[in-house]
Amino acid sequence: MKKLLILFLLLGNLMIYSNDLINKVYYSHFLTIRFTENTFNLKGMDLEKEKRIDIEYNYKLISEENSVFMLFGDNYKNKWLLLYNNEIFIAFDKNKVTPTFLGYFEDAAAPPFISIGSDENMIHSTSHLEEGSIRYIADNLRSLKVDTPWVEGVEKFGIGEKIFLPKSSISNLVIINGFISFRNPWLYIKNSRVKKVKITDSINNIEKIFELKDTMNPQVLSIGDYKYREIIIEILEIYKGSRYDDTCIAGLFSLIKTP
């Protein structure tokens, strides 16, 4: 009985994940990743090795603490943390805080990702959390790094807290919800996530309310036609964390959508 209990607890934290990547293809600036049921092919220019590659790997998907990981290679020793939907594919490995692969489902001269803000025009918020020397500021949102979210800094769940984006020309927002961590994937479920937001475009007098899914995968919010905008994001509801009240958002960017 004790052995069965231990096995059950292990399976609760580490489970085979249903594969919805079959026949998907994503394109980055220099690489293409193409999935079949049990293998994926990585083809293009490897900038780190400064050479062209065309490699096929066996892979499997596992769910670990509500995060999806891909194990691949010989004896499945390699591991990527995956964030993806039908359009966007983001992969992190344990050695980098920035994405190892950031790709889009359409082949183009360059993937249509738009960073919001810059060092001169930063993202701001009504509050942020500070823990010692670590500051979870709103401008973290444009970096798309693991372990570097924006975290609101008020008591309880941050209902009513706002994020102010620099003026820019966009038609949509892509939100990565929650606290994303390769080494500590439990931080997603233990911290709170955003459930409902109000997006206000103060230049064009547009106001929309969106309900987000409780997932770390990219979620695309359509604001309207491609226009010059000044966006305010307000938290209306949250998914309560299992341990912490802090509400987190891991990343924000936009897409150039072709008609």
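So that you can scan it fast, the table gives a plain yes or no per residue for (1) within 16 Å of F40 (Cα to Cα); (2) polar (S, T, N, Q):
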{"residue": "N66", "(1), (2)": "no, yes"}
{"residue": "F72", "(1), (2)": "yes, no"}
{"residue": "A91", "(1), (2)": "yes, no"}
{"residue": "T100", "(1), (2)": "yes, yes"}
{"residue": "F105", "(1), (2)": "yes, no"}
{"residue": "H128", "(1), (2)": "no, no"}
{"residue": "D139", "(1), (2)": "no, no"}
{"residue": "R142", "(1), (2)": "no, no"}
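From the list T215, T247, which residue is crowded, with 18+ Cβ neighbours inside 10 Å, of a type in the set (S, T, N, Q) and either in the same structural domain as F105 (by TED's automatic domain parsing) or at pLDDT 95 or above (or both)? I'd like the intermediate steps shown before the answer.
Values: T215 fails: crowded, with 18+ Cβ neighbours inside 10 Å.
Within the list T215, T247, the selection yields T247.
Matching residues to (1) closer than 19 Å to D139 by Cα; (2) over 17 Å from the mean Cα position of the chain (by Cα); (3) touching a residue at least 12 places away in the same chain (Cβ under 8 Å):
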residue: N191; (1), (2), (3): no, no, yes
residue: V194; (1), (2), (3): yes, no, yes
residue: I199; (1), (2), (3): yes, yes, yes
residue: I209; (1), (2), (3): no, yes, yes
residue: V220; (1), (2), (3): no, no, yes
residue: K227; (1), (2), (3): no, yes, yes
residue: I232; (1), (2), (3): yes, yes, yes
residue: Y239; (1), (2), (3): no, no, yes
residue: A250; (1), (2), (3): yes, no, yes
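May I ask you to verify whether S169 is more than 22 Å from V68 (Cα to Cα) and either over 15 Å from the mean Cα position of the chain (by Cα) or assigned by TED's automatic domain parsing to the domain that holds A138 (or both)?
Judged against the criteria, S169 is a match.
Test of understanding: among N85, N58, N66, which residue is more than 19 Å from the chain's Cα centre (by Cα) and polar (S, T, N, Q)?
Values: N85 fails: more than 19 Å from the chain's Cα centre (by Cα); N66 fails: more than 19 Å from the chain's Cα centre (by Cα).
When all the criteria are applied, what remains is N58.
Here's the yes/no breakdown for (1) in a strand (DSSP E or B); (2) over 30 Å from V154 (Cβ atoms):
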| residue | (1), (2) |
| --- | --- |
| K43 | yes, yes |
| R52 | yes, yes |
| Y59 | yes, yes |
| I90 | yes, no |
| K96 | no, yes |
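Hey, could you check segment 119-154 for residues that are under 19 Å from the mean Cα position of the chain (by Cα) and of a type in the set (S, T, Y) and say which is surrounded by the fewest Cβ atoms within 10 Å (Cβ to Cβ)?
Taking segment 119-154 as the starting set, the residues that turn out to be under 19 Å from the mean Cα position of the chain (by Cα) are 123, 136-152.
Keeping just the survivors that are of a type in the set (S, T, Y) gives 136, 143, 148.
On the way: Y136: 21, S143: 15, T148: 19.
The residue in question is S143.
The values are calculated or read from the model by the stated rules, or taken from the named source; none is laboratory data. All figures in this text were calculated on a predicted structure; none of them were measured in a lab. Here the Cβ is made from the backbone with ideal geometry for all residues, glycine too, and neighbour counts use every protein chain on show.
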